[in-house]
Amino acid sequence: WKAYLKADEPDSNLTELYEGQILNPKYISVTEGKTTPPKHFTEDTILSAMEKAGAKDMPDEAERKGLGTPATRASIIEKLVSVGFVTRKKGQKTVNLIPDGIGASLITILPEELQSPLLTAEWEQQLLLIEKGEMKPDEFMLAIKNMVENLVKNYKVIDGAEVLFPSGRTVVGKCPRC
């Protein structure tokens, strides 16, 4: 609902609201409508999004911002299509990239840390330091190893995750190790 107050009334300044406060609106209306889902990515819009992903959170001295390099972004999209995470669907004027079930399922179970473009930015920054001789490659690899160990150790299985990745195989029993 929306409440409208006359501008010349003292109550029209709503900067200091508190719980239980009573407002005297002059007009109230309820508007009914429908929301529309966000538009699907096209190859152009996803390339642009990859270029800008996380850029505002990256350090100013970062050599590259976004996901991938301009040369690798298109191949990343092709890989997502070939693996089956995304399909191309022709619309009236554009070709949209639509997440397949397995792609949506992967995002559902993937830890937030791995979904963030900041992780890529941090790694790119560390690789730049290695290139300049300011960081040893072993340090970089050790940090990745530790991150993976922590992710595996602390991962909480999402309820219902087993239905997100159906194998299509007939279940014959429970694994004795599980």
Margin query: Please report the carbon-and-sulfur percent of the accessible area for the stretch 113-178; probe 1.4 Å, protein heavy atoms only, DNA, RNA and ligands left out.
Written below: 58 percent
Next item on the list: Taking a cut-off of 18 Å between Cα atoms, list the lysines near Lys136, but don't count ones fewer than 8 places away on the same chain.
Entry: Lys145
Next item on the list: Could you state the accessible area per residue of the stretch 34-178 in Å², with a 1.4 Å probe and every protein chain left in place?
Entry: 78 Å²
Margin query: Among Met147, Trp123, Pro176, which residue has its Cα furthest toward the positive end of the charge dipole of the stretch 115-178, with +1 on Lys/Arg Cβ and -1 on Asp/Glu Cβ?
Written below: Pro176
Next item on the list: Measure up Lys52/Lys89; Lys56/Lys89; Lys132/Lys156; Lys39/Lys79 against 27 Å on the Cα-Cα distance and list the ones that go over.
Entry: Lys56/Lys89; Lys132/Lys156
Check: Does the stretch 26-147 classify as rounded, prolate or oblate by the C-alpha gyration tensor (a ≥ b ≥ c root eigenvalues; a/c under 1.5 gives rounded; else a/b over b/c gives prolate, otherwise oblate)?
Finding: prolate
Check: To the nearest 0.05, what FRET efficiency results for Glu139 and Thr108 with a Förster distance of 35 Å applied to their C-beta separation?
Finding: 0.60
Margin query: Placing unit charges on C-beta atoms (Lys and Arg positive, Asp and Glu negative, everything else neutral), compute the dipole magnitude of the stretch 49-163 about its Cα centre in debye, rounded to 20.
Written below: 700 debye
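The values are calculated or read from the model by the stated rules, or taken from the named source; none is laboratory data. Bear in mind that the values here come from a model prediction, so they are computed numbers and not experimental data. Quick reminder, even Gly has a Cβ in these numbers, built from the backbone with ideal geometry, and neighbours come from all protein chains shown. When the accessible area is computed, the model is the full protein with side chains, heavy atoms only, and any ligands, DNA or RNA have been set aside. Shrake-Rupley method; radii C 1.70, N 1.55, O 1.52, S 1.80 Å.
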